[in-house]
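The values are calculated or read from the model by the stated rules, or taken from the named source; none is laboratory data. From a predicted model like this one, the values you see are computed outputs, not experimental measurements. When we count neighbours, we look across all protein chains shown, and the Cβ atoms used for this are built from the backbone with ideal geometry, even at glycine. Note: areas computed on protein heavy atoms with side chains; ligands, DNA, RNA excluded. Shrake-Rupley method; radii C 1.70, N 1.55, O 1.52, S 1.80 Å.
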Amino acid sequence: MSYNGGGDILLGGLSTFNMQHGFVEALVRGYRSGFLSDTDYHHMTQCDNLEDVKMNLQETDYDTFLNSESSITPAVIEAKALSKLVNEFFYFRANAVEPLSTFMDYISYEYMIENVMLLLRGTLSGRNINELIAQCHPLGMFKESTMRNIPSFEANPRGYADLYETVLVDTPVGPYFQTYLEQSSASISAASEVRNVLEEVQIEILKNSLMKLYLEDFYSFCERLGGETAEVMCGLLRARADRAAINITLNSFGTPLNDATMRDTERKKLYPSIGELYPAGTELLSKADDDVKLGQAVSSFPQYHSIFEKFLNSSPEEFSIDDEFYKREVRMYELAFESQMHFGCVYAYVKLKEQEIRNLVWISECILQRRKDQISNFIPVFSTSAEWRAESTRRGAGH
Amino acid sequence: VTFASFDFKMSEYDCTTYYCNAGWKELLSHLSPYSWANWGIAIGLGFSVIGAAWGIWLTGSSLVGAAVKAPRIRSKNLVSVIFCEATAIYGVILAIILLNKVSEPDAKIYTFVEGWDFATFYFAGYGVFWSGCSVGFTNIASGISVGIAGSSCALADAQDESLFVKILIVEIFASALGIFGIIVGIIQSNNAQFPV
């Protein structure tokens, strides 16, 4: 697909991009050097306790981020590393102008949706509101008053409508809620006997619907930007949409969402309409009710077919499908840094930093639980020894 | 001294209207070569400076951003800015050369004296104009291209020091475009000299 000239938002190609966005792009690319390298990971895996990990991290870009903490646990490491990412994100955001500022806001909407769902789910299980707010993802914070109001609504369709009208309508995720309510208004007015079944899957459906609407909205925004940004971002978002579709299907096995009646109506509506799998693959996915059928559904898409072959042929201990998807996505995000003068590097930076935080948490957990055999199961970012890099140097001539 | 009239004859063609604007042929051939020449100087200087400024805008923003995490690149990468500046200097040099060719006539009257050298007059006018255009248009291309290459150079240098010299070679080729312009421009305007 050619995106040249597809954009109606003026972004500027090679010769004009730097005028508005050169500074932020250069900042992000400078911060790229702050990722942990292979040697850093190697030193950390040799550590015996978390104090050593903290000392090793002091040599890296993370510097003294743990100095004010008295006790170090994986949760503390995750929280502090996340707050480092958030500081960097808001530093970039402060220097961004349109349309980069809207683009970065879109990145944060995903975390806002996560926070809304966290607050809704948390009240269903009756947890304290302050605890929940402390657990919210810092990139997607609302105003304090908005967040405190969210749990006071019931978790059923009538409750959601009220929640939207009073609280969420002013937030950036309001439009997604509105569309969801419009689309599901048919099922609200219909059978109420099904309501009991629906309630336990209702939250899942709500979360997945919001994510689908968010991804489609972000995708159309990137298409409007046109040029290199559209090419890179649309590729990344398509991969995310496919992962979402496959995960929805996988996670629904064993839940009421997998029933024959629900599959075609409810589950099918959750698949995003962007992505390689749409429409033929999602059609097949909506009929799949176990792993084997899922594997058959994606068999005509080589990139997912290879992942599923491995998944079906190995046991859950040695192969995690999430890891394979993460590896694929890390590779795509690293490639987003390859060409200059587009916004993809900002999005990729946030995602890769998240992966790095996941790695840190994994390594800390393994050290804490003394499971050194599992410790190398993380996915390094910008690693020179990554599998896919090794493939390309083996086949390439003139290296 | 006899004076030629306002509607002088240029070869066989004479103006059919008082202001010589009956068509393009009349208009273009009766535009004063002084105006052609001064336009040329303005275009040569103006577009060169636009190209240089555009290039500095492109490379400067990347340089400042990349230097946040890698301050060591600050001084080395100013060379990209200097290359951009060089295109502006070409424009200034050519403008000074050209304006020395535009000499004021001795007789301060608004008609032409008897025996005015129209051939040299027109040659000089066109020569200076198009020489200015040569330089202006090549320098704007050169300035932008140095700017883009310089921005990539700053970003690459911030990640890996050994890349700086290699990308600098790309910039050198880009700034050679400006040199082509000024060489051709000087040769074009060599024999142009306004009669007095």
Fill in: The one condition in (1) touching a residue at least 24 places away in the same chain (Cβ under 8 Å); (2) over 22 Å from A:Ser385 (Cβ atoms); (3) open to solvent by 30 Å² or more (accessible area, probe 1.4 Å); (4) within 14 Å of chain B (Cβ to nearest Cβ) that A:Asp48 fails to fulfil
(4)
Discussion item. Based on this model, can you work out whether A:Leu250 counts as in a helix (DSSP H, G or I) and open to solvent by 70 Å² or more (accessible area, probe 1.4 Å)?
Written reply: no
Practice prompt. Evaluate the following for B:Ser80: is it buried (at least 20 other Cβ atoms within 10 Å of the Cβ), out of contact with any Ser or Thr (no Cβ under 7 Å at 6 or more places or on another chain) and within 14 Å of another protein chain (Cβ to nearest Cβ)?
Written response: no
Discussion item. Need a quick list: helices (runs of 4 or more DSSP H) entirely within region A:268-319 having at least 1 residues that are aromatic (Phe, Trp, Tyr) and under 13 Å from A:Ile246 (Cβ atoms).
Written reply: A:302-313
Practice prompt. Answer with yes or no whether B:Ile56 is under 13 Å from B:Val146 (Cα atoms), surrounded by fewer than 16 Cβ atoms within 10 Å (Cβ to Cβ) and more than 10 Å from chain A (Cβ to nearest Cβ).
Written response: no
Worksheet item: Only one of (1) without any contact (Cβ under 8 Å) to a residue 60 or more places away in the chain; (2) more than 13 Å from chain A (Cβ to nearest Cβ); (3) small (Gly, Ala, Ser) is not met by B:Ala156, so which one is it?
Response: (2)
Item to complete: Can you confirm whether region B:129-138 contains a residue that is outside any loop (DSSP other than H, G, I, E, B) and within 14 Å of another protein chain (Cβ to nearest Cβ)?
Response: no
Practice prompt. Output the residue which, of all residues in region A:69-82 that are touching a Lys or Arg at 6+ places or on another chain (Cβ under 9 Å) and over 21 Å from A:Val350 (Cα atoms), is most open to solvent (accessible area, probe 1.4 Å).
Written response: A:Glu69
Fill in: Test: residue in region A:18-32 that is farther than 30 Å from A:Met141 by Cα, within 14 Å of chain B (Cβ to nearest Cβ) and surrounded by 21 or more Cβ atoms within 10 Å (Cβ to Cβ)
yes
Worksheet item: Residues A:Phe35, A:Phe90, A:Phe23: which one is free of Cβ contacts under 8 Å to residues at least 24 places away in the same chain and not hydroxyl-bearing (Ser, Thr, Tyr)?
Response: A:Phe90
Worksheet item: Do we have A:Asp40 as charged (D, E, K, R), open to solvent by less than 50 Å² (accessible area, probe 1.4 Å) and more than 14 Å from chain B (Cβ to nearest Cβ) here?
Response: yes
Worksheet item: over 23 Å from B:Ala42 (Cβ atoms), open to solvent by less than 70 Å² (accessible area, probe 1.4 Å) and out of contact with any His (no Cβ under 6 Å at 6 or more places or on another chain), is that true of B:Cys133?
Response: no
Discussion item. Name the single residue that is least open to solvent (accessible area, probe 1.4 Å) among those in region A:51-68 being charged (D, E, K, R) and within 21 Å of A:Val350 (Cα to Cα).
Written reply: A:Asp61
